[in-house]
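Read through the structure below, which is laid out as structure tokens, and then see the notes.
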Amino acid sequence: MSNQAIRPKEVVLRRLNMTLNHPFTTSFGTETEKDFCLVEVIDENGNSGWGESVAMTGPFYNEETTDTNQLMLENYLIPAILGQTFHHPDEANELFAPIRRNRMAKSTLETAIWDLYAKNNQISLKQALGGDEQKQIEVGVSIGIHESVEELLKVIKEKISNGLRKIKLKIKPGKDVEVIREVRRVYPDIPLMADANSAYTLADLDVLKQLDEFNLMMIEQPLQSDDILEHSLLQKQLKTPICLDESICSFKDAKEAIEQGSCKIINIKIGRVGGLSEAKRIHDLCKEHGIPVWCGGMLEAGVGRAHNIALTSLSQFTIPGDTGPSRHYWKEDIISPEVTVENGIVQAVSGDGIGYEINPDVLDRYTVDKKVFSFEQAVMEKH
Ligand code: OSB
Ligand code: MG
């Protein structure tokens, strides 16, 4: 593969606000809208790479927020890439290494550089990552906590009839065993899992053990968001496989979790681990250890969704991910075509990079703030 160097010349940082079709409730709160940063990295050839920040408005899933991401991008990350030459997107990781954590902020730019790299080399992002262009990408849906089980059952019925391949239910103390029991009574055989978003402690062992009765594919992140050790103690007590989400922020975390037996499955989220290069390293490690992985979602708009789809083309993504159709989340998405799913399979698009175009009208409609950073301006300000 010829290797076109990337020289970012200008970055457009937008802040968008989009209303979710349905409020989404987890053990840490309810989201009604997505307020997020979107970057466009423009190089000297005039190509654009796109990246989306998956941070939430408040610091409740992890410590990052939309505001902290914007600040890190404006003050540190965008100035760091302007005027640089990248021969491969992995170099963005090295460039950002002196800046501690802030992984979602870094990922916003890093994923845009990957898109730009693929576009400059006239290949798809799937190909650039080493994925299988033809892979059938299976997806499921993550369903928030509902007031009533009747409501929840209605949503599940609709999603199953649409052919989605996995039903993930959010749980929290008091909204767990009885809810799952009811769902299993109506649907004894569907691929079903539960996500606790860190709502339990080892003191809840009795409740967590009761979940073993329901043949769940996995329980996601039952314990503290930064824990690895206690999950290994819990996994020894449970038949249900534990899947880690919040606890895995890096390759090193994944290595520790696998070596300690803290999980049998890993949910890889690009933003949480700092970008596609790190996500791929974690994928490769899991493959080496026979740990199945799947791609988690963060209520992304189209750009984040497109990056998730590209990542999922890697071979160890063997469990259906969260990357559902745009229409499940949004009245209209910022990409064209929107992400569509038929019988649980993401419909393929062709095109270099992420493979989807940005829809400029929709983009403008949801943009609440926009700033342009250029290399020339950065040089001038230094003098
Ligand atoms: O824990 O996977 C999670 C959404 C926001 C924050 C955390 C999580 C989620 C989801 C939604 O489960 C997945 C999606 O549909 O994008
Ligand atoms: Mg989760």
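The values are calculated or read from the model by the stated rules, or taken from the named source; none is laboratory data. Given the structure is predicted, the values throughout are model-derived calculations rather than measurements. Ideal geometry is used to build each Cβ from the backbone, glycine not excepted, and the neighbour counts take in all protein chains shown. Surface areas here come from the heavy atoms of the whole protein model, side chains and all, with no ligands, DNA or RNA. Shrake-Rupley method; radii C 1.70, N 1.55, O 1.52, S 1.80 Å.
So here's what we get for this one:
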{"read-out": "In the stretch 193-204, residue farthest from ligand 1 (Cβ to nearest atom) [restricted to those that are out of contact with any helix residue (DSSP H, G or I) (no Cβ under 7 Å at 6 or more places or on another chain) and either open to solvent by less than 20 Å² (accessible area, probe 1.4 Å) or farther than 24 Å from D227 by Cβ (or both)]", "value": "M193"}
{"read-out": "Boolean, D176 is farther than 20 Å from E342 by Cβ and either β-branched (V, I, T) or within 16 Å of ligand 2 (Cβ to nearest atom) (or both)", "value": "yes"}
{"read-out": "Boolean, A254 is of a type in the set (A, V, I, L, M), away from ligand 1 (no atom under 16 Å from the Cβ), at pLDDT 95 or above and more than 19 Å from V293 (Cα to Cα)", "value": "no"}
{"read-out": "Filtered residue count, the stretch 213-240, keeping only those that are closer than 16 Å to L192 by Cα and open to solvent by 30 Å² or more (accessible area, probe 1.4 Å)", "value": "4"}
{"read-out": "Qualifying residue in the stretch 284-297 (condition: under 10 Å from the mean Cα position of the chain (by Cα), open to solvent by 10 Å² or more (accessible area, probe 1.4 Å) and modelled with pLDDT of 95 or more)", "value": "yes"}
{"read-out": "Subset of the stretch 258-270 [more than 16 Å from ligand 1 (Cβ to nearest atom) and either of a type in the set (A, V, I, L, M, F, W, C) or at pLDDT below 95 (or both)]", "value": "I258"}
{"read-out": "Output for the stretch 223-235, where each listed residue is part of a helix (DSSP H, G or I) and farther than 17 Å from V207 by Cβ", "value": "L229, S232"}
{"read-out": "Filtered residue count, the stretch 180-200, keeping only those that are in a loop (DSSP other than H, G, I, E, B) and touching a residue at least 24 places away in the same chain (Cβ under 8 Å)", "value": "8"}
{"read-out": "Of the criteria (1) under 24 Å from L238 (Cα atoms); (2) in contact (Cβ under 8 Å) with a residue 12 or more places away in the chain, which one G351 fails", "value": "(1)"}
{"read-out": "Verdict on T108 being hydroxyl-bearing (S, T, Y), closer than 19 Å to G297 by Cα and surrounded by fewer than 22 Cβ atoms within 10 Å (Cβ to Cβ)", "value": "no"}
{"read-out": "Residue check, K154 among the basic types (K, R), closer than 24 Å to L299 by Cβ, open to solvent by less than 40 Å² (accessible area, probe 1.4 Å) and over 18 Å from the mean Cα position of the chain (by Cα)", "value": "no"}
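Here's the yes/no breakdown for (1) away from ligand 1 (no atom under 16 Å from the Cβ); (2) small (G, A, S); (3) in contact with a Phe, Trp or Tyr (Cβ under 8 Å, 6 or more places away or on another chain); (4) open to solvent by 30 Å² or more (accessible area, probe 1.4 Å):
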site: G321; (1), (2), (3), (4): no, yes, yes, no
site: G324; (1), (2), (3), (4): no, yes, no, no
site: D333; (1), (2), (3), (4): no, no, no, no
site: P337; (1), (2), (3), (4): yes, no, yes, yes
site: E342; (1), (2), (3), (4): yes, no, no, yes
site: I345; (1), (2), (3), (4): yes, no, no, no
site: V349; (1), (2), (3), (4): yes, no, yes, yes
site: N359; (1), (2), (3), (4): yes, no, no, yes
